[in-house]
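Engineer: Starting off with a structure, shown below.
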Amino acid sequence: MEFTDLDSCVKDFSDLGADYKVLEELNREYINKLQEVGELQEKCMKGITHQSYRLGIINRSIKKLKGNAENADVLKNLGKDMDRRKVQLHEMEQTLPKQNGLYLKIILGNVNVSILNKNDKFRYKDEYEKFKLVLSVIGFVMAVVNLFTNLRVLELSFMFLLVWYYCTLTIRESILKVNGSRIKGWWRLHHFISTVVSGVLLIWPNTRTWYEFRQQFMWNMSLCVVQYLQFRYQQGCLYRLKALGERHNMDITIEGFHSWMWRGLSFLLPFLYVGYIYQLYNAYTLFQLSFHPESTWQVPVLCGLFFVLFLGNTVTTSLVIPQKFGERVAIIKFRMLTMLQIDLAARNHVNALSSESSQPKKNE
Ligand code: COA
């Protein structure tokens, strides 16, 4: 509601002054709390560094003392406790701001990209997975249109989209890494290499060699199906881990998650290997085209890059299987240990009860 005279405006402004005083106080309190949070963060970071330093010393000492068979049990228990402490420290680190890596520093400058809230981290990762899926569907549609048409502008738009997409992925993945993601170095490098591949494709002149490779490359985008399956798998992992509450922590309920994960992996892996064979086939075709009289430097370079992608993907994905199997064995061991501990605790409890009942009661 607007005022009709100036006096009402002046009066309302002076009334608003009282509200402003309250707001000013609130803002001061907020700034103080922010300062307090900053100080607490710094103290926690120092505490974690101190803990890690002392754990390092204990670890080195344990290694030297390992030869002594007498202390085997103590050393084993200490080792387990130290592993647990490392996990706890890692969890603590996830709640504190972290420095950007070199790549992010170059691209974004020294801006803080740490996400300190677990729900926000989850949302960011979820959004990243959806972004990949949406862009692969757009890429698939563009590739299909390119398959049935022959418009240079459309071709170049498609390549440009790929350059932008992979570039964006590298930035998003660096942010995920700062926020504690365990994404392997290869997958990040894979997206850097894919950016270069798309860049080289973008500047490949439309010679005869390009037209010989064009159809095969556009068919590449049928791997969008693989991308969809990956999305379903990663999304499943993400939501199940969120439901478990404590990420990366060993817990008996994780066993259920692992059996789901194995089913997901066994379904996904054959499709992934088909994709890798297609990459090898791309490298082979480009290798043959490199002997073509109209071949330009883009042909052998792309041949090498597709081969590197094939090799890196195959080796990394193949290494995931034994690694996951190791995790499974660790969980079974952990479960047995927990059951033994429960059993031991129950026995101690029964012993305590029976010794209590065998002792004459004070009042008697
Ligand atoms: N791209 C981005 N992030 C990946 C990834 C990939 N290809 N593979 C794994 N990650 C992430 C996971 O989401 C997880 O993140 P988090 O720590 O934030 O939760 C982290 O890396 C650790 O994952 P890990 O436990 O090692 O593997 P996984 O069970 O999540 O996935 C595979 C294993 C094999 C299914 C997965 O690596 C994959 O799909 N690889 C194939 C990728 C590919 O080949 N693409 C080209 C297709 S032709």
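The values are calculated or read from the model by the stated rules, or taken from the named source; none is laboratory data. Remember, it's a predicted structure, so these values are computed and weren't measured experimentally. Ideal geometry is used to build each Cβ from the backbone, glycine not excepted, and the neighbour counts take in all protein chains shown.
Engineer: Considering only the range 146-162, how many residues are surrounded by fewer than 19 Cβ atoms within 10 Å (Cβ to Cβ) and either at positive phi or under 33 Å from the mean Cα position of the chain (by Cα) (or both)?
Structural biologist: Counting residues in the range 146-162 that are surrounded by fewer than 19 Cβ atoms within 10 Å (Cβ to Cβ) and either at positive phi or under 33 Å from the mean Cα position of the chain (by Cα) (or both) gives 4.
The rows are residues; the columns are (1) of a type outside the set (S, T, Y); (2) in contact (Cβ under 8 Å) with a residue 60 or more places away in the chain; (3) farther than 30 Å from E42 by Cα.
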| residue | (1), (2), (3) |
| --- | --- |
| G109 | yes, no, no |
| F122 | yes, yes, no |
| V141 | yes, no, yes |
| T149 | no, no, yes |
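Engineer: Additional query: Have a look at S136, S157 and point out the one that is of a type in the set (S, T, Y), within 17 Å of F231 (Cα to Cα) and assigned to a helix (DSSP H, G or I).
Structural biologist: After ruling out the rest, the residue left standing is S136.
Engineer: Are any of the residues in the range 80-88 more than 33 Å from the chain's Cα centre (by Cα) and either assigned to a helix (DSSP H, G or I) or among the polar types (S, T, N, Q) (or both)?
Structural biologist: No - not one qualifying residue is present in the range 80-88.
Engineer: May I pose another question? Looking at the structure I just gave you, is G264 more than 19 Å from the chain's Cα centre (by Cα) and within 11 Å of the ligand (Cβ to nearest atom)?
Structural biologist: For G264, the condition - more than 19 Å from the chain's Cα centre (by Cα) and within 11 Å of the ligand (Cβ to nearest atom) - is not met.
Engineer: Name the residues in the range 267-315 that are in contact with a Gly (Cβ under 9 Å, 6 or more places away or on another chain) and either within 16 Å of the ligand (Cβ to nearest atom) or closer than 27 Å to Q234 by Cα (or both), would you?
Structural biologist: A283, N313
Engineer: Would you say S198 is of a type in the set (G, A, S), free of Cβ contacts under 8 Å to residues at least 40 places away in the same chain and either assigned to a helix (DSSP H, G or I) or not assigned by TED's automatic domain parsing to the domain that holds Q235 (or both)?
Structural biologist: yes
Engineer: Would you check which residues across the range 174-220 are touching a Cys at 6+ places or on another chain (Cβ under 9 Å) and within 12 Å of the ligand (Cβ to nearest atom) and list them?
Structural biologist: If the condition is that a residue be touching a Cys at 6+ places or on another chain (Cβ under 9 Å) and within 12 Å of the ligand (Cβ to nearest atom), then H191 is the only one that fits.
Engineer: Determine whether the range 175-185 contains at least one residue that is assigned by TED's automatic domain parsing to the domain that holds F231, surrounded by fewer than 16 Cβ atoms within 10 Å (Cβ to Cβ) and more than 20 Å from K242 (Cα to Cα).
Structural biologist: Yes, the range 175-185 contains at least one residue that is assigned by TED's automatic domain parsing to the domain that holds F231, surrounded by fewer than 16 Cβ atoms within 10 Å (Cβ to Cβ) and more than 20 Å from K242 (Cα to Cα).
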